[in-house]
1. Give me the distance between the Cα centres of the stretch 200-258 and the stretch 55-123, rounded to whole Å.
2. Give, in nm to one decimal, the length gained when the segment between T177 and L204 is fully stretched (0.36 nm per residue of separation minus the Cα-Cα distance).
3. Compute, for the stretch 141-255, the length of the dipole vector about the Cα centre, with Cβ point charges of +1 (Lys, Arg) and -1 (Asp, Glu) only. Units Debye, rounded to 20.
4. Show me 192-203, 88-99 ranked by packing, highest mean number of other Cβ atoms within 10 Å first.
5. How far is it, in nm, from the label point at F106 to the one at V139 when both lie 7 Å from their Cα along the line to the Cβ?
6. Quote the FRET efficiency, to the nearest 0.05, computed for A59 versus A170 with a Förster distance R0 of 22 Å and r equal to the Cβ-Cβ distance.
7. Loop only per DSSP, at most 12 neighbouring Cβ atoms within 10 Å: give me the GluC sites (Glu not before Pro) in the stretch 98-205, ordered by residue number.
Amino acid sequence: MKSMKARYFTLFAGAIALSVSLSSCTKTVTVTQIVTKDSSVVDTIGLAMVRFVSMLPPADAQITIFDTDKATPFTNAQLVVSHDYIPVVPNTLETYYFSVPAFHWFLQESILPPGHSFYTYALFFLAGQLGEDSSLDIVLVTDSERFTPAPPGQCWVRFLDGVSTFSPNAVYLETDTEDTSHSIFKSGNVARTWSFTDVSPYVLMPAGNHIFYADAEGTNDPEEKLSSKPVDCLDGGYYSIRAVGTIGTDAQLVVDQE
């Protein structure tokens, strides 16, 4: 993977076949990913598939990622959650350098994809008291369920909480009505909350036209309630719902169709 330009691959639900061919000084590796309409799945053989998404405030979100040569960009952290993945070697610790121009950062971090599956690395901004002690929190989540087709009339959704200034730091995600009875995520019959840097698993919900709401637990402050634009969630679609920014300034709830 070192000194190798990133190749992006777009993955769709339905019936697809994905071939990847990577050359090194010693060998060529060919892998295949197949997703079928009857829900049978063959994971990528030999490689991990990763994507990076920036969860920084909207004005500061640009992040460029370099590999060990610190000269040629390896990839960018996506400003939306898309269906573009990069093949990397699994179970191998690799060092990357994250350039965040808004903060004049050039941070060194190591990542270790744990196996030959599909992963998202969500990059969160951790504000330090002195400014210069701020950092990135890199949260790894698996996307394996992303490749199981939804039943008819359903779609997959996930929530990423990038707002550190919700008060309290316990947020419900609801659909169509600002009420916990419409919470998308539940533990048993009880609506569950999410906190800053949390990334939920994908869950199923009815397809159709929806408005999503993120609101802090037990508050009536309108600034603590974010709403998305109306979204036509397609039958069988995949959606990431991201809370980003700072309450009272640029906080927003964005829905990305993957």
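Taken together, the values in this text are just the output of simple stated rules run on the coordinates, not laboratory data. For clarity, every value in this text was computed on a predicted model and none was experimentally measured. All Cβ positions, glycine included, derive from the backbone under ideal geometry; neighbour counts span all protein chains shown.
1. Taking the Cα centre of the stretch 55-123 as reference, the centre of the stretch 200-258 is 24 Å away.
2. On the way: separation 27, 0.36 × 27 = 9.72 nm, distance 1.77 nm.
Length difference between fully extended and current span is 7.9 nm.
3. Values: 7 positive and 16 negative charges, 69 e Å.
The dipole of the stretch 141-255 has a size of about 320 debye.
4. Values: 192-203: 17.8, 88-99: 15.8.
By packing density, highest mean first, the sequence is 192-203, 88-99.
5. In this crude label model, F106 to V139 measures out at 2.9 nm.
6. Efficiency, from the Cβ-Cβ distance: 0.25.
7. The qualifying sites are E132.
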